[in-house]
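Below: the structure, in structure tokens.
The values are calculated or read from the model by the stated rules, or taken from the named source; none is laboratory data. Note that the structure is predicted; figures quoted are calculated from it, not measured. Note: ideal-geometry Cβ built from the backbone for every residue, glycine included; neighbour counts use all protein chains shown. Side chains included, ligands, DNA and RNA excluded: accessible areas come from the protein's heavy atoms. Shrake-Rupley method; radii C 1.70, N 1.55, O 1.52, S 1.80 Å.
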Amino acid sequence: MPTLYVARGACSFAAHLLVHELQLPIAVQVVPLRTPDSPIHAVNPLGRVPAVQFEDGSLLTENSAILPWLADQRPDSTLFAAPGTLERAQIQSWLGYLNSELHVGAFRPLNRPERYSADNSHHAAIRAQALQQLHATLRPIDEALRGRDYLVGARFTLADAYLGVFLHWLGRLPSEAFADLAQLARVREAWLARPSVQAALAAEAAH
Ligand SMILES: N[C@@H](CCC(=O)N[C@@H](CS)C(=O)NCC(=O)O)C(=O)O
């Protein structure tokens, strides 16, 4: 059985909830991050989650590959779409936007300013700029959700599963900064109410 490595509250949560959503025979291992003795270093040389380790020693990393791979384990599921369809490409387009623009482009400088300047006195300014970037990156998502419950088609897909993780992270930030993004607040509540999200949250909280 493959093992999915996740960390509490990390971006690996999308993969974790999909294991529950799709009821996949995949073991989930919760590991600590940013500590040299974490078991993740023996699995992924980058020390990052999510990572899937297979019984033959093969490794799969990166949300943009892991989320589609998980959905493809259940070809009859509606979380993804058939190869060659525009819907499949649109779901992948959102995965790319969320992965690069939202996670790395906005949340990373907010959460890890030390990666952008070794000078601690710069970090407050990096964070302030990242907060503005975060709002600018979220606005098109909010607009795309106007009058809709899901990013692509009329059903919950991989794109919505992944988006929810970042909307959940907004809960750690001053709520007034995002008060105008009403669609995101609505979609976040619906995401949180999903049984798969609740099951994955409970599993991570138990560690
Ligand atoms: N591009 C990667 C980013 C993965 C990533 O940055 N994961 C974070 C958790 S949200 C992590 O493991 N950080 C630990 C570290 O960078 O040391 C992906 O989307 O899978």
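Observations
- Of all residues making up region 176-207, the number that are within 22 Å of A159 (Cβ to Cβ) and small (G, A, S): 7
- Residue within region 110-133 that is of a type in the set (K, R), over 21 Å from L17 (Cβ atoms) and open to solvent by less than 60 Å² (accessible area, probe 1.4 Å) present: yes
- Checked against the criterion of being buried (at least 18 other Cβ atoms within 10 Å of the Cβ) and more than 18 Å from S196 (Cβ to Cβ), region 19-36 contains one or more residues that satisfy it.
- Residue match in region 189-203 (condition: away from the ligand (no atom under 16 Å from the Cβ), within 20 Å of Q92 (Cβ to Cβ) and open to solvent by less than 20 Å² (accessible area, probe 1.4 Å)): yes
- Considering only residues in region 44-86 that are surrounded by 19 or more Cβ atoms within 10 Å (Cβ to Cβ) and assigned to a strand (DSSP E or B), the one that is nearest to the ligand (Cβ to nearest atom) turns out to be A51.
- Close pairs (6 angstrom Cβ cut-off, 6 or more residues apart or separate chains): under 18 Å from R34 (Cα atoms) in region 109-122, in a helix (DSSP H, G or I) and β-branched (V, I, T) anywhere: P109/I126; P113/I126; Y116/I126
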